Amino acid sequence: MTTRVHNFSISLDGFGTGEGLTFDAPFGSAGHRLHEWMIATRFGAAIVGRAEGTQGVDNAFAERHSPGIGAEIMGRGKFGPQTGPWTDLGAEDEWRGWWGENPPFHTPVFVLTHHPRPPLEMEGGTTFHFVDATPAEALKLAQEAAGGLDVRIGGGVSMLRDFLAADLVDWMHLVQVPIVLGRGQRLWDGLEGLDERFAVEATPSPSGVTHLVFSRR
């Protein structure tokens with residue numbers, strides 16, 4: 001049972017999302033520029049309901065997202081832009097995520113938040129569990145729910161950085177996108193020497209992105 005990261009996109013200056021997340025802009029000022037490479041693939045087309053997509057190296061990496069995964073951990077910011085107690089949000093308390101009634105996870109998903117709430121059961125096998133836990137505690141919960149399969153760390157930036165700092169990631173696929181964001185949340189802050197823990201392999205793509213695979217030494 002390993003802990004994996006898949007399809008996590010960062011800019012040339014290391015930002016994994018922009019500023020100003022809203023219900024209409026889940027990546028804030030970054031828009032969808034970090035994820036255009038994936039949206040163009042056959043894997044991405046299936047998620048957004050488009051008929052066709054590319055089948056090259058980008059798709060080969062993107063499709064590794066789900067096989068062998070039994071649970072996911074994500075930060076509250078990936079589930080939605082809300083902050084604070086859920087009961088203070090009024091109609092926003094009814095928010096069920098950006099993915100519709102059948103999210104693309106199909107596993108238990110543990111959402112890290114300082115404000116736990118009852119689980120949210122969706123179609124297709126996805127149930128969101130809202131837990132106040134450290135990275136190690138959340139990983140233990142996810143491993144117990146994964147049924148012997150692997151656990152995916154889904155982001156956002158700050159929670160992935162916390163898992164890397166705690167040395168809880170075994171394998172990581174990052175995608176370096178050739179854009180400069182200049183603002184937002186940077187992944188690498190405080191992670192000096194991370195490369196010493198991993199063997200790093202870079203695969204360029206005709207789309208212009210570079211796939212970086214970090215495998216624990």
Next on the checklist: Restricting to the stretch 103-151, give me the number of residues that are small (G, A, S) and farther than 15 Å from M74 by Cβ.
Outcome noted: 5
Item to check | Given (1) closer than 16 Å to N7 by Cα; (2) in a loop (DSSP other than H, G, I, E, B); (3) charged (D, E, K, R), number of the condition R152 does not satisfy | outcome: (2)
Item to check | Selection status of R197, more than 19 Å from the chain's Cα centre (by Cα) and among the basic types (K, R) | outcome: yes
Next on the checklist: On the basis of being modelled with pLDDT of 95 or more and more than 16 Å from the chain's Cα centre (by Cα), does I179 make the cut?
Outcome noted: yes
Next on the checklist: Can you say whether G84 is open to solvent by 20 Å² or more (accessible area, probe 1.4 Å), in contact (Cβ under 8 Å) with a residue 24 or more places away in the chain and over 28 Å from V169 (Cβ atoms), as far as the supplied structure shows?
Outcome noted: yes
Checklist entry - Can you tell me which residue in the stretch 1-22 is nearest to G148 (Cα to Cα), limited to those that are assigned to a loop (DSSP other than H, G, I, E, B) and open to solvent by less than 30 Å² (accessible area, probe 1.4 Å)? => result G14
Checklist outcome for this item: Selection from the stretch 23-78 of residues among the polar types (S, T, N, Q) and surrounded by 16 or more Cβ atoms within 10 Å (Cβ to Cβ) yields S29, T41, T54, N59
Next on the checklist: Can you report the number of residues in the stretch 169-211 which are open to solvent by 30 Å² or more (accessible area, probe 1.4 Å) and part of a strand (DSSP E or B)?
Outcome noted: 11
Item to check | Selection from the stretch 122-171 of residues that are within 23 Å of Q185 (Cα to Cα) and among the polar types (S, T, N, Q) | outcome: T134, S158
Next on the checklist: Report every pair of residues separated by at least 6 positions or lying on different chains whose Cβ atoms are under 7 Å apart, first residue within the stretch 187-208 and without any contact (Cβ under 8 Å) to a residue 24 or more places away in the chain, second assigned to a strand (DSSP E or B) and open to solvent by less than 80 Å² (accessible area, probe 1.4 Å).
Outcome noted: A199/S215; V200/L212; V200/F214; E201/V213; A202/T210; A202/L212; P204/T210
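The values are calculated or read from the model by the stated rules, or taken from the named source; none is laboratory data. On a predicted model such as this, the values are computed, not experimentally measured, just so you know. No Cβ is skipped: glycine too gets one built from the backbone with ideal geometry, and neighbour counts run over all protein chains shown. Heavy atoms of the whole protein, side chains included, go into the accessibility calculation; ligands, DNA and RNA do not. Shrake-Rupley method; radii C 1.70, N 1.55, O 1.52, S 1.80 Å.
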